[in-house]
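Data block below; observations after.
The values are calculated or read from the model by the stated rules, or taken from the named source; none is laboratory data. From a predicted model like this one, the values you see are computed outputs, not experimental measurements. Positions of Cβ are backbone-derived with ideal geometry, glycine not excepted, and every protein chain shown enters the neighbour counts.
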Amino acid sequence: MNSGKLIVISGFSGAGKGTVIKRLLSEYPNYVLSISATTRKPRAGEEHGREYFFKTVDEFKSMIDNNELVEYAQYVGNYYGTPKEYVDKQLSEGKNVILEIEIQGALNIKKQFKDAVLVFITPPSATELKNRLVNRGTEDLDTIMARLRRAEEEAAGVENYDYIIINDTIDKCVFDINSVIIAESNKSNNKLDIIEDIKENLKDI
Ligand code: 5GP
């Protein structure tokens, strides 16, 4: 069986990553989402094993020491990392594994997995980004302004991503991401086995 694709999804906060990922998971059975480990405290409504595996710093460090993480990074004072076992198992079963991680982690993944697909999701404009954060209604104006300032930092390094996908409408964005993954999966270097098989079997015909 062909191994699945490792897909990194990053983007500005407020770009709609969460919604897009949920839709990919519900519409296409061959996508799964990796759940990260973190030392950040759970936010209201978050559950251990659903949003994250919440760890103490000591627990996290022992995961690093035992080589249990594919990658990890520090972000705003906390550790975040991708557990290895789940990723390896799902890829070997042919699933496309989505990692929703920040840029240091994304670049680290690309170094280890040459075939990983790095996707950056962006709203169509700065005004739209601001409107989405305002309409979400979960943050006050100061927090929204701070997030918009951070968006500039979040854009640093975006040229290292393989694809930049505009989230104008959710349907189109989900369709575009899936199309990219289909195209990537059909690259000739992923399909050479099939040609080898056919060549081999032709000898017996
Ligand atoms: P939050 O605390 O808002 O849930 O996440 C903060 C940042 O950490 C986000 O940019 C998120 O994509 C990133 N992140 C979450 N999990 C991981 C991970 O396993 N590895 C890395 N490198 N970043 C992660």
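Of note:
- All positions within region 20-46 that are closer than 26 Å to GLY4 by Cβ, within 15 Å of the ligand (Cβ to nearest atom) and part of a loop (DSSP other than H, G, I, E, B): SER34, ILE35, SER36
- LYS95 being exposed (fewer than 13 other Cβ atoms within 10 Å of the Cβ) and out of contact with any Leu (no Cβ under 6 Å at 6 or more places or on another chain): no
- Whenever a residue of region 31-49 is over 15 Å from PHE60 (Cα atoms), its partners that are among the charged types (D, E, K, R), lying with C-beta atoms within less than 6 angstrom and at least six residues away or across chains, give the pairs VAL32/LYS95.
- Across region 58-78, the qualifying residues are those that are small (Gly, Ala, Ser) and within 11 Å of the ligand (Cβ to nearest atom), and the one among them that is modelled with the highest pLDDT is ALA73.
- Residues in region 124-167 that are more than 18 Å from TYR75 (Cβ to Cβ), in contact (Cβ under 8 Å) with a residue 60 or more places away in the chain and loosely packed, with under 15 Cβ neighbours inside 10 Å: ARG136 alone.
- Some residue of region 144-159 being of a type in the set (Asp, Glu) and more than 11 Å from PHE12 (Cα to Cα): yes
- Candidates in region 84-102 are the residues that are assigned to a loop (DSSP other than H, G, I, E, B) and within 9 Å of the ligand (Cβ to nearest atom); of these, the one that is nearest to VAL20 (Cα to Cα) is GLU100.
- Filter result for the condition that a residue is near the ligand (Cβ under 8 Å from one of its atoms), in contact (Cβ under 8 Å) with a residue 60 or more places away in the chain and not basic (Lys, Arg), over GLY81, GLY105: GLY105
- Qualifying residue in region 168-181 (condition: of a type in the set (S, T, N, Q), surrounded by 12 or more Cβ atoms within 10 Å (Cβ to Cβ) and within 12 Å of the ligand (Cβ to nearest atom)): no
- ILE121 vs. criteria more than 18 Å from ASN190 (Cβ to Cβ), of a type in the set (A, V, I, L, M, F, W, C), within 12 Å of the ligand (Cβ to nearest atom) and buried (at least 16 other Cβ atoms within 10 Å of the Cβ): yes
- For region 165-205, a residue qualifies if it is part of a helix (DSSP H, G or I) and in contact with a Ser or Thr (Cβ under 7 Å, 6 or more places away or on another chain), and exactly one does: ILE170.
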